[in-house]
Structures are given as structure tokens and as C-alpha cells.
Amino acid sequence: VGNCTYCGQSAGFLRSKHKDCYAKNQDGLNQVNHLIADGIFDKNLLSTLDEKLCNIKTDYYLSPEQVKNSLVKNWENAVNKSLDDGLLKKEEEALLIRFKEHFNFSQEELNKNDCFFRLAKAAILRDITEGTIPERVIVTDGLPFNLLKNEKLVWLFKGTQLYEDRTKRYYTGGSSGLSIRIAKGLYYRTSAFRGSPVTYTQKTHIDTGILGVTNKHIYFSGATKNFRIKFEKIVAFIPYDDGIGIQKDGANAKPQTFVTKDGWFTYNLLSNLSQF
Ligand SMILES: [Zn+2]
């Protein structure tokens, strides 16, 4: 005879829960979801939340994991909702961060679906458009490049792929040396004739590494390539879904493409910082 996982009483032969207890548990979970979803942007929520959660937890047999998962999921929903219009209001950000701190959630716990980074990115773009250089990134394991005096790190994209445009030449109108049978004999066409050269550009993968963005430069640090580019030297940014293209000043400068996996943020970040 097994005991009910919710109320702890005997649940009957080969049973692990009472149907009613399960239903009650789900009801409690809904109550927690509503409590957070409706109140997360209410600045008075936290003053009574702990007591309310404690009561629901006991009355409806909620496990600590159920409560925690509900808090995280509703926090993530609130982040996504507040970013729907692409703008994060200061008050919204403050309440979301206060919620994080109240429950002592780590960055990792809130970033399983990339929501903590989404929040940080939106706050950074807001800072920049309001004329402030954001100082929100703390590097804990050594930056691979040396910043100048008064230079501020704004964001790091790890695992960025660097591509450069390379010109290749191929030939059109050439023969591949096929043979054509004419009447009784075999006539071989020569393969020496290659036709006229046509050039085309191809994006070639050069390296993978860290793309750092400061208020003055973009830095790249990979296994074989390390360089920085001053914003003033960039004449055009080309937006892509998954990254950004950069055209530097100078007749011979080849376009470079950085695949950061977040083209929207990369383009907005770089194009706005370059206006400073
Ligand atoms: Zn039960």
C-alpha cells in the first residue's frame, strides 16, 4: 500500500496519489501563477507575497520546486511581456530586478530561456539611447583584450564567428574536355580552353572567438585573429538576422561579418554606440 505524495495518507494498493489531492495541488499551482502574473509589476506585491505563498504551499501540498518553477516561469513571462514593444521601462526593470533579489535567484536560474540576457540587453539599449554608457557587464574570468583609459566595456559576444569577403575567380564558357562522336571518327575537344574569368565574392570563415563592444571600439579575439576597430573607421553596418556586417573606411577594406546569433541586438548596439 502506497502513500499519497501530497497528503501522506494511504493512497491504496499500487497508488501514489489521491485524485483529489492531485487536483487540489494543481489548483494551488494555478493560484501561485495568478498571484505572480497579476502582481509582478505591482510594487506592493513583495510585502505580502511570502506569507501568501507559504499559506498556499501548505494548504495545497505544493513542493518547493513547484513554487520555484512557477516564480521563474512567471518572471520570464513578465520579461517577455515588458519587451513586447521593444522598450523596457525603468520601473519595469527595477521591479523585475527586485523580484530576482527578493528570492535570491542567480543569473543562471533566470537565464535558462535567455530571459535574463534579454532583460540586460534591453536595459543596455535604453541606457545608450538616453545618452548613458552602460556599465552593466562584469567580467569575472579575464578579458582577452586591453582596454584604453576611460574605455568602458558594454557587451561581450562569446563564440562569435568572423567571416571575411574573399574574391574568387572562376571561368565560364570553358570545356570540360568531353568527346563528341562525329560521323565515323571521334573528335576530342580540348580542356585547355577555360573561357573568361568571372570574379565573385564569398564569405569565408576566418576564426571564432569573442567579440567585445566598448564605447570606443569593437574588439575581436580569436585563436588566430586579434584586432580592434575604432567606431570612427566604420562607414556602414549591415544588419543580418544572426549577426552584423561591417564596412571599414578605405578603398581596399574587405567587409567583415560577425555572427553573434542576435542580429537585432548587435545592430542596435553598434549603430547606437557609434553615434556617441
Ligand atoms: Zn492525498
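The values are calculated or read from the model by the stated rules, or taken from the named source; none is laboratory data. Fair warning: this is a prediction, and the values are worked out from it, not measured in the lab. Note that each Cβ is placed from the backbone with ideal geometry, even for glycine, and that neighbours are counted across all protein chains shown. The area values use the complete protein model at the heavy-atom level, side chains included, leaving out ligands, DNA and RNA. Shrake-Rupley method; radii C 1.70, N 1.55, O 1.52, S 1.80 Å.
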Q. Can you tell me which residues in the stretch 245-276 are of a type in the set (Val, Ile, Thr) and closer than 19 Å to Leu153 by Cα?
A. Thr260, Thr266
Q: Could you grab me the full set of residues in the stretch 113-141 that are touching a residue at least 12 places away in the same chain (Cβ under 8 Å), open to solvent by 20 Å² or more (accessible area, probe 1.4 Å) and assigned to a loop (DSSP other than H, G, I, E, B)?
A: Asn113, Ile133, Glu135, Arg136, Val137, Val139
Q: Would you point out the residue of the stretch 85-112, among those that are closer than 18 Å to Ile36 by Cβ and part of a loop (DSSP other than H, G, I, E, B), that is least open to solvent (accessible area, probe 1.4 Å)?
A: Phe105
Q. Is one or more of the residues making up the stretch 48-66 within 26 Å of Asp127 (Cβ to Cβ), among the β-branched types (Val, Ile, Thr) and without any contact (Cβ under 8 Å) to a residue 60 or more places away in the chain?
A. no
Q. Does Tyr60 count as over 28 Å from Leu119 (Cα atoms), within 11 Å of the ligand (Cβ to nearest atom) and open to solvent by 40 Å² or more (accessible area, probe 1.4 Å)?
A. no
**Q.** Matching residues, the stretch 19-30, being open to solvent by 60 Å² or more (accessible area, probe 1.4 Å) and either over 18 Å from Lys68 (Cα atoms) or near the ligand (Cβ under 10 Å from one of its atoms) (or both)
**A.** Lys19, Asp20, Tyr22, Lys24
Q) Inside the stretch 1-18, can you point out the residues that are near the ligand (Cβ under 9 Å from one of its atoms) and either in a helix (DSSP H, G or I) or exposed (fewer than 12 other Cβ atoms within 10 Å of the Cβ) (or both)? A) Gly8, Gln9
